[in-house]
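Data first, discussion second: the structure below is written as structure tokens.
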Amino acid sequence: MSIDYSKEFEMIAEVYKKTGGDEKALFDKKHGALIINENKVLGKNEIKGMRIEHQSLKNGVKVKIFVEEGIKIENPVHLCFGMLPKEGRQEIYSEFIIGKNAGVEFTAHCIFSNAKHIEHIMDSEVVIGENAEMSYTETHYHSESGGTFVYPKLRGEIKKGGRFFEEFKLTEGRAGTLNIDYEIDQDERSSCELLTKIYGKKDDRIEVRESLNLNGVYAAGTAKSRIVLTDNAFGNVLGEIKGNAAYTRGHVDCHEIVHGDGAKAVSTPKISVENSFARVTHEAAIGRISKKELETLMARGLREEEAVDFIVRGLLR
């Protein structure tokens, strides 16, 4: 284990705890871990079967994480990417290479709690080997300023029999400007589930593109999003699945909720098949917060803003 027990590390660990992370795991040799502030790696812990390579850049860090063939990582690997200053730019270039028959679960937190004007670029590549499995849960915590500009990009390849689950969650603080761009290529009998949960407020602008290419027979994939927009927030979701081989199964599931006259939502499911035995479906809905639920909570003493927040957090759990 290599950790810089500096003031920066203590501050990152404290916010990590507040955002629901298990800060004890950052100190536990049983858990793999990587902690980054700005362009500095404050700590990392490599465990048996997993290797982490990193290189500091001018405005960020380049990271490669390898899980060896046949290794099942027992405990979640904790990743913490943050920017403690109020202003700045962070670029994270990450590669995840998961070996054949391996398995790993990543729990990631991205922390910009002091942001006034922060740009965060996350450019990731994921390769999941044959019959391997990877889970990646990413929770964002932003300040209330709206001054976060976040651009997560993911390109992935899931090989024969591989499985991938990815969840992006941003319900604390302001989304600011958020542009998600994910595209996954899937080989035969692979499976993928993308899940996105975002709470947009004030003048937040949210763009989501999730694309699955079902290239191998019996490949299956789901792109699911839950977006809530209040005040003058704007959300645009494009869910795309291509059934390019026989017996592939895909589903796009997008639900957006708007509250307030200025909030605007756009949902565009895009599905296609290139094989008569492929089946791809979609479901898209845009609605409003239930007036009855809102009135019930307000009758119990909550202000409208508090009642909306309570309902939204239930929807995005």
| message | Can you report the number of residues in region 29-44 which are touching a Phe, Trp or Tyr at 6+ places or on another chain (Cβ under 9 Å) and outside any loop (DSSP other than H, G, I, E, B)? | response | 7
| query | Here are some conditions: (1) at pLDDT below 80; (2) under 24 Å from residue 173 (Cβ atoms); (3) in a helix (DSSP H, G or I). Residue 309 meets all but one. Which one does it not meet? | reply | (1)
| If a residue has to be under 15 Å from residue 231 (Cβ atoms) and outside any strand (DSSP E or B) to count, how many in region 259-293 make the cut? | 5
| task | Tell me, please, whether a residue that is over 20 Å from residue 13 (Cα atoms) and either outside any loop (DSSP other than H, G, I, E, B) or charged (D, E, K, R) (or both) can be found in region 109-118. | result | yes
| message | Looking at (1) surrounded by 12 or more Cβ atoms within 10 Å (Cβ to Cβ); (2) modelled with pLDDT of 85 or more, which one does residue 276 not meet, given that it meets all the others? | response | (1)
| request: Can you confirm whether region 160-173 contains a residue that is modelled with pLDDT under 95, touching a Ser or Thr at 6+ places or on another chain (Cβ under 8 Å) and assigned to a loop (DSSP other than H, G, I, E, B)? | output: yes
| task | Return the pairs, sorted by first residue and then second, in which the second residue is among the basic types (Lys, Arg) and assigned to a loop (DSSP other than H, G, I, E, B), the first residue lies in region 88-109 and is under 17 Å from residue 60 (Cβ atoms), the beta carbons are less than 9 Å apart, and the residues are 6+ apart or on different chains. | result | 91/58
| If we keep just the residues of region 284-305 that are charged (D, E, K, R) and modelled with pLDDT of 80 or more, which is farthest from residue 200 (Cα to Cα)? | 300
| said: Name the single residue that is surrounded by the fewest Cβ atoms within 10 Å (Cβ to Cβ) among those in region 139-159 being of a type in the set (D, E, K, R) and modelled with pLDDT of 95 or more. | reply: 155
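Every residue in region 174-198 that is closer than 26 Å to residue 142 by Cα and touching a Gly at 6+ places or on another chain (Cβ under 9 Å), please. Steps first, answer last, please.
Kept after step one, since they are closer than 26 Å to residue 142 by Cα, are these residues of region 174-198: 174-183, 193-198.
Correct list: 174, 175, 176, 177, 178, 182, 183, 193, 194, 198.
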| remark: When every residue in region 64-94 that is buried (at least 20 other Cβ atoms within 10 Å of the Cβ) and polar (S, T, N, Q) is compared, the one farthest from residue 149 (Cα to Cα) is 94
| said: I'd like to know if region 180-189 contains one or more residues that are surrounded by fewer than 20 Cβ atoms within 10 Å (Cβ to Cβ) and over 17 Å from residue 222 (Cα atoms). | reply: no
| query | How about region 288-317: which of its residues are among the aliphatic types (A, V, I, L, M) and more than 16 Å from residue 259 (Cα to Cα)? | reply | 299, 302
| said: Can you find, within region 154-200, the residue that is nearest to the chain's Cα centre (by Cα) among those that are under 22 Å from residue 315 (Cβ atoms) and among the small types (Gly, Ala, Ser)? | reply: 175
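The values are calculated or read from the model by the stated rules, or taken from the named source; none is laboratory data. Note that the structure is predicted; figures quoted are calculated from it, not measured. Neighbour counts are summed over all protein chains in view; Cβ atoms, including those assigned to glycine, are modelled from backbone coordinates with ideal geometry.
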